[in-house]
Each structure stands twice: as structure tokens, then as C-alpha cells.
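Read the structure below first, then the notes.
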Amino acid sequence: MYCASFSDKTIEHFMQPRNVGDMPDADAVGSSGEPGCGDFLAIFIKVSDNRISDISFLVDGCVAAVASSSVTTELAKGKTLEEAAAITDQDIVAALDGLPEHKLHCSVLGATALKNAVEHYYRRRQGNNQGGGSRSTA
Ligand code: FES
């Protein structure tokens with residue numbers, strides 16, 4: 001059914017992705033798109049005491065994109081914002097026990113969307129501290 005070169009862990013995350021769904025009360029949102037294939041990921045985070053207390057995602061993408069997104073949320077949950085922003089696409093690939101060479105780019109979606117979510121959180125917080133208080137997620 002799937003490409004034989006996917007690891008068992010990748011297939012398992014694809015079949016039963018963790019932390020899927022919208023998060024209407026998220027503190028921040030980060031997105032990422034892969035121009036080469038048109039796949040798209042959005043990651044939502046809630047932050048408590050500088051840590052990611054809750055995280056979810058919505059993705060429109062391939063098997064590797066779904067699995068990468070799922071494992072990204074597992075890697076990030078409970079981490080400080082600094083630790084989460086430091087998660088790389090290589091970390092994501094390693095957590096999936098590898099991806100086929102032609103699917104390595106899919107892991108960039110997760111790392112990029114997570115970094116964007118953390119940056120969005122910082123921007124929002126800065127805005128609130130300056131009295132802006134914008135709730136926009138653009
Ligand atoms: Fe587009 Fe995987 S082929 S992210």
C-alpha cells in the first residue's frame with residue numbers, strides 16, 4: 001500500500017497521527033508550505049511558563065508530511081520555546097527512524113511551521129506588552 005522505504009514509525013504516525021486538529025484558543029500559529037509540491041502545514045501552540053503546554057496541527061500533504069507533522073508535535077510538547085525553536089528537520093527525520101531520500105524535504109514543513117509558531121508567539125507577546133494586543137494570526 002505504501003512505499004516500502006518508509007520506516008515502521010513513519011507509517012505508524014501516518015496511520016495514527018498525534019495531536020491532530022484545530023485549536024481555536026491557541027496562543028500562536030505557525031504555518032509552512034512546500035512550494036515544490038503544494039503541501040501545507042499549520043501548527044497551533046499554547047504556552048505556559050515559557051513551555052509548549054499544548055500543540056496541534058492541520059496538514060494537507062503526503063505520507064511523510066503527515067508523519068513529520070505528528071512527530072514534530074510530540075518532540076515539541078513540554079519543551080521550552082527556545083528548545084522547540086531549535087528542533088531541526090534532521091531531528092524530525094531521526095525521530096521517524098529516517099525518511100526516503102526523496103521525502104527528506106517533507107520534514108522541513110514541521111520544523112519551519114514550529115519555528116514560525118514560536119516567532120508568532122513572541123510577536124504577539126511583544127504586541128501585548130506594547131499595548132497592541134492584536135489577535136491576528138497572519
Ligand atoms: Fe510535499 Fe511531502 S511531498 S511535503
Among residues of segment 95-112, those that are assigned to a helix (DSSP H, G or I) and surrounded by fewer than 21 Cβ atoms within 10 Å (Cβ to Cβ), counted
4
Going through segment 96-115 in order, the residues found to be within 16 Å of the ligand (Cβ to nearest atom) and over 9 Å from the mean Cα position of the chain (by Cα) are LEU96, GLY98, LEU99, PRO100, GLU101, HIS102, LYS103, LEU104, HIS105, CYS106, SER107, VAL108
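Quick note: the coordinates plus some simple rules give every number you see, no bench work behind them. Keep in mind it's a predicted model, so treat the numbers as computed, not measured. Please note: Cβ atoms are built from the backbone with ideal geometry, for glycine as well, and neighbour counts cover all protein chains shown.
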